[in-house]
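The values are calculated or read from the model by the stated rules, or taken from the named source; none is laboratory data. These figures come from a predicted structure and were not determined experimentally. Neighbour counts are summed over all protein chains in view; Cβ atoms, including those assigned to glycine, are modelled from backbone coordinates with ideal geometry.
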Amino acid sequence: MNKLIGVSLLVVGLSVAPSAMAADLTAACAGCHGVDGVSTDAKVPTISGMSAEYLKDVLRQYKKKTRPAEEVTIAAGDKKGTKSDMYKAVADLSDADIATVANAFAAKKFVRAKQAADAALAAKGKAIHDKLCEKCHTEGGSVADDDAGILAGQWIPYLKAQLADYKSGKRPVPSKMQPKLDEVQPGDLDALANYYGSEK
Ligand code: HEC
Ligand code: HEC
C-alpha cells in the first residue's frame, strides 16, 4: 500500500514538472530570439506565431544536426555575452520539452521586423513568389497553418542566409519545394528575401 502511494505521488510530481519549467525553457530562447520570440537581431529569426508543428519539426532537425546552425553571441539573460548556437540550445531538450517550447512560441504573436527593403527587388521577388511559392507559402508566406514557417516580415538577412543554404544544399530542402527552388536563379534569392521582408 505504502509503495502504491509512493508511486502515485511520483507520477503527480512528474506530471506537473513540464509546465513549471516552461518559463525557464523559453527564457533561454529569449536570450537570442528576443522577448516573446520577437527578434531584434537581423541574423536571428523571429519565432513567435509559427505553428507548433513547424517549430517542433525544426527543433528536431537541430537536435539531429541536419540543419546548419551558426554561432551567435547571446544578447540577454544569464548567459549574456557568451557565444552559442542552436545545436547547444536544443541539446538537453527532451521530446516533451520540445513540445513545451513549441507550444509556448506558437501561442505568441508573430511581429513583423521593422526594416528597410529594396522596392525594385521586392517587386521582382513578389512575381517569383506568386508563380513558384504561393502554393505552399500562402498569402505571401504569412499563414502559420501552412506549417512551413512564416516568411512575411521575417528578417531579410536571415531569409537570405536560409535561401542560400537551401540552394547550396547545406539545409535540406523539402522534397516538393526542390523543383520550385531549382527554377530560381541564384541572383534572385535576394529579390525573394526583399519581398518577404517588405511585407507590412
Ligand atoms: C545562442 C543563440 C540562440 C539560442 C539560445 C536559441 N536560438 Fe534559435 N536560432 C538562433 C539562430 C542564430 C538561428 C538562425 C539559424 C542559424 O543560423 O543557426 C535560430 C533559429 C531558430 C529556429 C528556426 C526558425 C525558422 O523560421 O525556421 C527556431 C524555431 C528556433 N531557433 C527556436 C529556438 C528555441 C525554441 C530556442 C530555445 C530552446 C532557441 N531557438 C534558442 C539562435 C539561438
Ligand atoms: C511544396 C510546398 C513548397 C513550395 C512550393 C515552396 N516551399 Fe518553401 N517551405 C516548404 C516547407 C514545408 C518548409 C519548411 C521547411 C523545413 O522544415 O525545413 C519551407 C520552408 C521555406 C523557407 C524557410 C523558412 C524559415 O523560417 O526558415 C523559405 C525561406 C522558403 N521555404 C522559401 C520558399 C520559396 C522562395 C519558394 C518558391 C521558390 C518555396 N519556398 C516554395 C514548402 C514549400
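For segment 71-81, a residue qualifies if it is surrounded by 11 or more Cβ atoms within 10 Å (Cβ to Cβ), assigned to a loop (DSSP other than H, G, I, E, B) and not basic (Lys, Arg), and the qualifying residues are ILE74, ALA75, ALA76, GLY77. Screening the candidates ILE128, ILE156, ILE150 for the property of being more than 26 Å from LYS65 (Cα to Cα), among the β-branched types (Val, Ile, Thr) and in contact (Cβ under 8 Å) with a residue 12 or more places away in the chain yields one hit, ILE128. Scanning segment 164-194 for residues that are among the hydrophobic types (A, V, I, L, M, F, W, C), outside any loop (DSSP other than H, G, I, E, B) and over 19 Å from ALA119 (Cα atoms) turns up ALA164, LEU181. Here the condition is being more than 11 Å from ligand 1 (Cβ to nearest atom) and either outside the structural domain of ASP145 (by TED's automatic domain parsing) or in contact with a Gly (Cβ under 6 Å, 6 or more places away or on another chain) (or both); of ALA30, ALA23, it holds for ALA23 alone.
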